[in-house]
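The values are calculated or read from the model by the stated rules, or taken from the named source; none is laboratory data. Nothing here was measured: the structure is a model prediction, and the numbers come from that model. Glycine also receives a Cβ, built like all others from the backbone with ideal geometry; neighbour counts cover every protein chain displayed. Side chains included, ligands, DNA and RNA excluded: accessible areas come from the protein's heavy atoms. Shrake-Rupley method; radii C 1.70, N 1.55, O 1.52, S 1.80 Å.
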There are 2 protein chains.
Amino acid sequence: MNYGIAIFPSKPIQDQANAYRKRYDPHYALIPPHITLKRSFEANDDKLDELITELKTIANETDPFTIHINKVSTFTPVTNTIYFKVEPVQALIDLQAKMHVGKFEDNNEHPFVPHITIAQDLVHDEYSDVFGRLKMESFQFEDAIDRFQLLYQLDNGSWTVYETFVFGKEQV
Amino acid sequence: MNYGIAIFPSKPIQDQANAYRKRYDPHYALIPPHITLKRSFEANDDKLDELITELKTIANETDPFTIHINKVSTFTPVTNTIYFKVEPVQALIDLQAKMHVGKFEDNNEHPFVPHITIAQDLVHDEYSDVFGRLKMESFQFEDAIDRFQLLYQLDNGSWTVYETFVFGKEQV
């Protein structure tokens with residue numbers, strides 16, 4: 001089965017992201033707005049049990065932290081994805097790093113750039129239009145992060161939450 | 001904020017349900033296939049904290065149990081919803097009941113009929129056609145249930161998981 005690990009920001013940020021995703025992101029219906037911590041990886045049941053124990057330990061080692069979003073940015077020219085840029089605080093960087101060492105496969109394709117996707121797979125003209133407009137706008141979000149989610153992917157491409165890991169609250 | 005409580009069945013059942021939901025359920029993109037334990041209710045942050053403590057206790061009091069699905073059924077004439085009927089084992093009935101007493105508002109609109117919706121809001125002719133076809137088919141699913149999920153609703157009507165409660169594993 002394919003698993004992934006993500007943070008869901010609070011409702012106001014998800015609502016704002018969805019206002020754009022509805023029009024500009026074909027993944028809109030597959031998963032709520034999120035910060036990807038670990039992209040899709042395969043695991044069987046035994047491996048999963050092992051990783052869940054690790055994730056509980058990681059959650060218990062992590063203190064709640066605050067994230068800030070101040071602008072939209074883009075991965076162009078690699079992809080024309082447009083996203084809310086999440087300022088890379090150390091706690092978030094450390095959290096993501098721990099899911100790519102030890103018992104975890106390092107399946108990073110790129111250096112970690114924390115973000116919440118709001119548009120992707122647009123044709124070039126639409127991308128230019130949307131990004132040109134959004135980069136002029138002011139976005140100011142602050143959010144308290146105290147948990148992450150382990151998800152698995154269904155045949156239709158959508159993601160279902162398997163388990164939540166709350167910082168400092170997991171029973172190992 | 002609006003919250004709800006649900007069980008996500010395992011991937012094979014979700015995939016089968018989605019094969020129908022994609023065509024016959026306008027809620028397809030709003031939430032993965034699920035068994036509703038408690039329908040939408042409002043709670044502020046203080047109330048939510050109180051309920052989460054209760055939900056952990058309930059999860060710890062519950063042993064994993066097995067559900068069986070043997071057929072599709074319908075709520076007609078109340079609504080023309082078509083669903084996988086989940087045989088009502090006592091553990092599931094007890095679990096649902098505990099979320100409607102004590103600190104929980106009893107917001108049941110109907111007696112508890114455990115089910116996984118696969119079609120709803122169809123026009124009458126399509127309902128008759130779909131149900132006529134599905135009631136002739138054989139469905140045999142068995143699933144081990146060891147957790148439930150607390151979700152909240154976004155402005156677009158979709159649901160995001162807030163927290164998972166695993167039977168016997170919660171730290172109160």
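What the table below lists for this structure:
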read-out	value
Distance violations [Cα-Cα > 28 Å] among B:Lys22/B:Lys103; B:Lys71/B:Lys103; B:Lys38/B:Lys169; A:Lys135/B:Lys22	B:Lys22/B:Lys103; B:Lys71/B:Lys103; A:Lys135/B:Lys22
Equivalent-ellipsoid semi-axes of the stretch B:32-172, from the Cα gyration tensor, Å, largest first	29, 19, 13
Value at 222 nm in deg cm²/dmol, rounded to 500, when DSSP H runs of n ≥ 4 in chain A each add -39,500 (n - 2.57)	-9500 deg cm²/dmol
Leading residue at positive end of dipole, the stretch A:78-172 (Cβ point charges), from A:Trp159, A:Asn80, A:Phe148	A:Phe148
Rounded to the nearest 10 Å², the accessible area of A:Thr164 at probe 1.4 Å	10 Å²
Sites A:Asp155 and B:Asp46, calculated FRET efficiency, Cβ-Cβ separation with R0 30 Å, nearest 0.05	0.15
Order of exposure, largest accessible area first, which applies to A:Ser128, B:Ser158 with probe 1.4 Å	A:Ser128, B:Ser158
In degrees, nearest ten, helix B:11-24 long axis to first principal axis of chain B (Cα)	60 degrees
